[in-house]
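Just so it is clear, none of the values below were taken in a lab; they were calculated from the coordinates. Because the structure is a prediction, the values reported are computed rather than measured. Cβ sites come from the backbone with ideal geometry, for glycine too, and all protein chains shown count toward neighbours.
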Amino acid sequence: MDNPALSPDTVRTTCPYCGVGCGVLATPGDDGTVAIAGDPDHPANFGRLCSKGSALGETVHLDGRLLEPQIDGRAASWDSALDLVASRFSTAIREHGPDSVAFYVSGQLLTEDYYVANKLMKGFIGSANIDTNSRLCMSSSVAGHMRAFGSDTVPGTYEDLELADLIVLTGSNLAWCHPVLYQRIAAAKVKRPQMRVVLIDPRRTMTADIADMHLQIRPDADTALFVGLLGFLAEQSALNKAYIAQYTTGFEAALAIASPCDLETISIKTGIAPDQLLAFFTLFARTERCVTVYSQGVNQSASGTDKVNAIINCHLATGRIGRPGMGPFSVTGQPNAMGGREVGGLANMLASHMQIENAGHRRLVQDFWASPTMATKAGLKAVDLFKAVGDGRIKALWIMATNPADSMPEADLVAKALKTCPFVVVSDINANTDTTAYAHVLLPAAGWGEKDGTVTNSERRISRQRPFLTLPGEAKPDWWIITEVAKRMGFATAFAYQNPAQIFAEHAALSGTENDGSRDFNIAAHAAISATGYDALSPFQWPQSQRSGSSGGRFFAGGAFFTPDRRARFIAVHPVDTVTIDQRFTLNTGRVRDHWHTMTRTGKSARLSAHFAEPFAEIHPLDAAERGIADASLVKLHNDHGNIIVRALLTDRQIRGSVFVPMHWTNQFSGSARVDILVTSRTDPVSGQPALKMAKVDIRPFEAA
Ligand code: SF4
């Protein structure tokens with residue numbers, strides 16, 4: 001990957017925003033500026049960048065940075081801050097047991113940070129109370145994969161999107177949320193005019209620009225649609241019966257729910273006209289090379305896992321998985337949501353995709369770590385974790401690289417819970433978020449451009465994030481902060497890492513350890529690499545075969561899954577009721593093109609902030625007219641949890657009965673528009689993912705008192 005055309009100062013790194021995981025060339029200038037370009041050699045983006053990635057150089061300045069440790073709002077030395085954290089966690093564990101402490105971490109952490117945080121909590125504290133904001137993003141996909149495949153493995157690759165003849169995008173505004181993947185599809189569609197794109201979304205988002213068909217589905221009706229599709233495939237003799245017989249179980253039970261396929265009934269449940277249903281079902285039945293891409297519109301639901309399995313069922317029924325140009329494909333929202341999955345960053349997982357409920361896996365990991373105590377059951381998932389903070393069960397909480405006082409559902413209750421927690425530690429790059437306000441100890445962390453480690457993107461590709469800026473003030477890498485606390489808690493030997501390369505090598509070695517024989521891959525397979533080799537690491541994709549050492553490609557090409565009988569499982573899922581009469585609006589939350597999460601970084605760029613200068617509520621004009629709401633007027637959205645005031649944006653892109661509000665604005669940027677205070681904390685019973693797109697709200701014109 002040496003490129004003589006690059007400046008000697010140019011560093012190859014990875015974009016810190018979304019799960020596409022684009023390669024970035026960063027060149028720091030003498031005047032403090034950083035020139036940014038897409039890395040033409042990176043297989044995720046081949047030189048492309050979106051607006052957020054292109055503006056990275058505008059977001060690395062130090063305004064608002066946390067530059068020194070603080071205890072109770074006053075500057076403190078690292079030693080005193082770390083001693084206090086270790087001592088308060090140790091005291092809570094001694095007095096109240098290991099489950100009285102918790103970590104809430106983030107898809108912004110690098111894999112090495114995630115690995116040591118998970119190791120400390122699960123293997124040395126002895127609790128599994130470590131969960132991540134990725135719970136809010138893709139845990140329903142994880143659960144769906146586990147149910148169907150026996151492990152959390154994304155089958156496909158980005159290349160499949162370019163090889164497909166049909167791409168079904170459901171619950172995914174790829175144009176704004178994964179823009180470079182959208183660009184790759186748009187370019188492929190020009191080259192291959194036979195490619196068709198179907199968008200399934202209650203909103204006619206910008207992604208509709210490349211869609212041949214837009215199905216404006218009723219919110220939460222995805223299961224009804226894909227169960228209907230399964231019934232249609234059976235009736236049209238479009239099943240791959242040989243594949244079903246040889247590689248799967250459970251088909252009959254899934255089909256019993258799907259049959260007969262009555263388009264009128266499916267139309268009532270989904271809100272999609274029967275002729276459109278017929279057109280989509282027929283296109284799917286006839287197109288062998290088909291990829292179904294899904295994202296938060298599927299995952300962020302109280303029935304998200306069932307939706308995922310309804311989609312996977314259709315691919316298993318047609319045998320369209322593990323081959324070029326076909327498969328179900330969940331795209332992750334965060335830059336390292338996938339890396340977190342690999343090292344067990346979810347409360348119900350162990351490192352290396354092993355399972356905490358599996359005694360053999362627990363033993364293997366405990367032996368590998370030589371740990372004194374091992375968590376024996378799943379810990380608290382994000383929503384339950386903050387409820388446990390609120391009711392006093394959690395005595396010490398450490399929040400890393402995330403802002404739950406804004407981003408969790410029912411965010412005001414989360415803020416109240418933090419206020420009552422006896423001991424809150426926050427490690428972050430920002431001094432003033434709505435979460436840092438509740439911290440007893442603030443620890444200054446390294447930011448993008450300073451961090452050194454790896455991330456994994458949505459297609460399982462591991463890339464380096466490399467530093468090109470000096471650590472400012474007293475900021476330290478997250479892995480260093482965690483290991484220093486671990487040492488002070490008495491675990492010096494197990495956390496004696498000198499650099500992230502050593503952590504990566506340990507992660508790789510664990511991933512290559514033989515488990516119960518149910519898999520023939522490892523994640524990293526670079527256990528023996530030196531620090532120099534780690535520095536030079538080129539982006540690579542797992543799986544890597546333990547036998548052949550080969551890298552990359554698709555999973556399940558040979559039809560062998562990770563279930564005990566090596567067969568994929570159909571899951572018999574029932575559609576939820578989506579036609580209950582409720583006069584209130586369904587509140588859909590999500591991203592805009594140019595902002596990221598709670599805007600702590602993108603809010604620093606005037607260029608990015610110009611796309612939407614303020615938050616808004618997108619409402620159908622007919623709904624607005626019924627309520628006397630004029631375009632661009634202020635409206636109040638309210639429910640039992642609170643109210644927000646934003647400007648109305650009238651557009652027939654929105655389905656009737658639904659309102660869309662972006663999730664980015666916080667107290668810091670607009671005190672009246674923290675939409676997450678309205679969002680329900682109802683969760684999917686399988687995955688624990690909250691139904692972030694399914695709160696109910698009333699809307700009326702705002703009248704100043
Ligand atoms: Fe960064 Fe995602 Fe944009 Fe790529 S698509 S540049 S990873 S935000």
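Data for the structure
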quantity	calculated
Distance cut-off 43 Å, percentage of C-alpha pairs in the chain lying past it	20 percent
Length added when fully stretched, residue 376-residue 235, from 0.36 nm per residue minus Cα-Cα	46.1 nm
Debye log10 I(q)/I(0) for the range 11-59, one point scatterer per Cα, at q = 0.16, 0.17, 0.33 Å⁻¹	-0.37, -0.42, -1.32
Global size of the range 68-179 as Cα Rg and Dmax, reported in angstrom	20.1, 60
Length released on extending from residue 582 to residue 416, taking residue separation times 0.36 nm less the Cα-Cα span	56.8 nm
Rounded FRET efficiency, nearest 0.05, which uses the C-beta distance separating residue 393 from residue 634 and R0 of 41 Å	0.50
Cα-based shape type of the range 560-683, given that a ≥ b ≥ c are square roots of the gyration tensor eigenvalues and the cut on a/c is 1.5	oblate
Candidate lysines for bridging to residue 191, where Cα separation is under 29 Å - those fewer than 8 sequence places away on the same chain excluded	52
The range 560-575 and the range 314-374: distance between their alpha carbon centers, rounded to Å	16 Å
Environment charge at residue 313 (Cβ cut-off 13 Å; Lys +1, Arg +1, Asp -1, Glu -1)	+1
Listed residue (190, 78, 34) projecting farthest to the positive dipole end of the chain, Cβ model	190
For the chain, share of DSSP beta bridges that run antiparallel, in % to the nearest 5	45 percent
Neighbour cut-off at most 12 other Cβ (10 Å), DSSP loop, trypsin sites (Lys or Arg not before Pro), the range 307-400	377
Residue 192-residue 35 FRET efficiency (beta carbon distance; Förster radius 35 Å; 0.05 resolution)	0.55
Overall form of the range 139-330 per C-alpha gyration tensor (a/c, 1.5; a/b vs b/c)	rounded
Simple label model, 7 Å out from Cα along Cβ direction - residue 6 to residue 359, nm	5.1 nm
Using a Förster distance of 30 Å, the FRET efficiency for residue 627-residue 607 (Cβ separation, nearest 0.05)	0.30
Amide H within-cut-off set for residue 103, under 5 Å, with H built and near neighbours excluded	130, 131, 398
The chain, relative contact order [Cα under 8 Å, separation at least 6], %	20 percent
Signed unit charges on C-beta, dipole axis of the chain, positive-most listed residue 156, 18, 572	572
Helical contribution to [θ] at 222 nm, DSSP H n ≥ 4, -39,500 (n - 2.57), averaged over the chain, rounded to 500	-8500 deg cm²/dmol
